[in-house]
Amino acid sequence: MNVVQKIIKTCDRINEWIGSFIVAPAVFLFILIIFSNVIMRYVFNTSFVFMAELEWHVFAFIFLMGAGFTLLHDGHVRVDIFYSGMNRKKQAYINCFGVILFLLPSCYLVLTTSIPWVINSYQVGEMSINPGGIPARFLLKAVLPVGYFLMLIQGISLFLKSLFIILGNPLDTSDSCEKEQC
């Protein structure tokens with residue numbers, strides 16, 4: 001069981017660190033980019049393709065890199081009218097089935113298809129087709145498998161935590177990153 005606790009804590013700490021020290025500053029950067037685009041558009045009556053593309057690149061980065069962090073903090077959308085009224089053991093069953101039936105297969109599918117796609121994009125030096133656009137589009141594409149990998153490891157952590165709840169032996173790993181400094 002000690003090995004399982006280490007796996008859970010490692011997965012949780014990785015996503016806590018990514019969310020706190022990479023995604024959170026990226027959100028601030030995203031706000032600055034949007035603010036700059038609005039000022040340029042409405043005050044100076046101009047815009048740049050690079051800034052517009054940068055806006056959606058940073059948004060995609062936040063979304064993909066923050067998915068595991070969101071799962072760690074139970075922030076993903078679900079049908080809470082049923083889930084929130086269930087006891088902890090029933091919620092654990094829902095989490096286990098959700099991870100096995102939906103999360104693991106979707107992560108596997110995205111990882112196996114996106115990695116060759118990223119490699120190809122890098123090999124051809126893919127860049128924006130728009131004049132003045134972002135020169136290295138393959139960097140954004142590389143975030144796709146990384147983000148899904150982070151969500152995959154957090155799904156494994158959630159599955160293990162839920163499994164121990166079902167077995168009647170909940171591990172003391174919940175909020176491990178909130179109790180300790182990750």
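Laboratory data are not the source of any read-out in this text; all were calculated from the coordinates shown. Not measured: the values here are computed from a predicted model. Don't worry about glycine lacking a Cβ; one is built from the backbone with ideal geometry, like all the others, and counts go over all protein chains shown.
If you build a Gaussian network model of the chain, linking Cα atoms that sit under 10 Å apart, which residue out of 64, 103, 29 swings the most?
29
Roughly how far apart, in whole Å, are the Cα centres of region 125-164 and region 61-96?
So the separation of the two Cα centres works out to 20 Å.
Enter the angle in degrees (range 0 to 90, nearest 10) between the Cα long axis of helix 49-65 and the first principal axis of the Cα atoms of the chain, meaning the one along which they spread out most.
10 degrees
Quick one: angle between helix 104-124 and the longest Cα principal axis of the chain, in degrees between 0 and 90, rounded to 10, please.
30 degrees
In straight Cα distance, which lysines are under 18 Å from residue 161, not counting same-chain residues fewer than 8 positions off?
6, 9, 89, 90, 179
Residue farthest toward the positive end of the dipole of region 2-179, with Cβ of Lys/Arg at +1 and Asp/Glu at -1: which of 42, 4, 60?
4
Pairs of Cα atoms under 8 Å, at least six residues apart: use those to get the relative contact order of the chain, whole percent.
Reported as a whole number, the value is 35 percent.
To the nearest µm²/s, what D does Stokes-Einstein give for region 48-99 at 10 °C and 1.306 mPa s, using the Kirkwood radius over alpha carbon pairs as Rh?
Working: Rh = 13.4 Å.
Result for D is 118 µm²/s.
What do you get for the angle between helix 24-42 and the principal long axis of the chain? Use alpha-carbon atoms, 0 to 90 degrees, nearest ten.
Approximately 30 degrees, to the nearest ten.
Based on the alpha-carbon gyration tensor of region 1-83 and its eigenvalue square roots a ≥ b ≥ c, which shape applies: rounded if a/c is under 1.5, prolate if not and a/b is larger than b/c, or oblate? All intermediate terms of the calculation are to be shown ahead of the outcome.
Details: a/c = 4.16, a/b = 2.29, b/c = 1.81.
Prolate is the answer for region 1-83, as a/c is 1.5 or above and a/b outweighs b/c.
Sort largest first and round to whole Å: the equivalent ellipsoid semi-axes of region 1-152, each the square root of five times a Cα gyration tensor eigenvalue. Don't skip to the end; give the middle numbers.
Details: eigenvalues 240, 82, 40 Å².
Values for region 1-152, descending: 35, 20, 14 Å.
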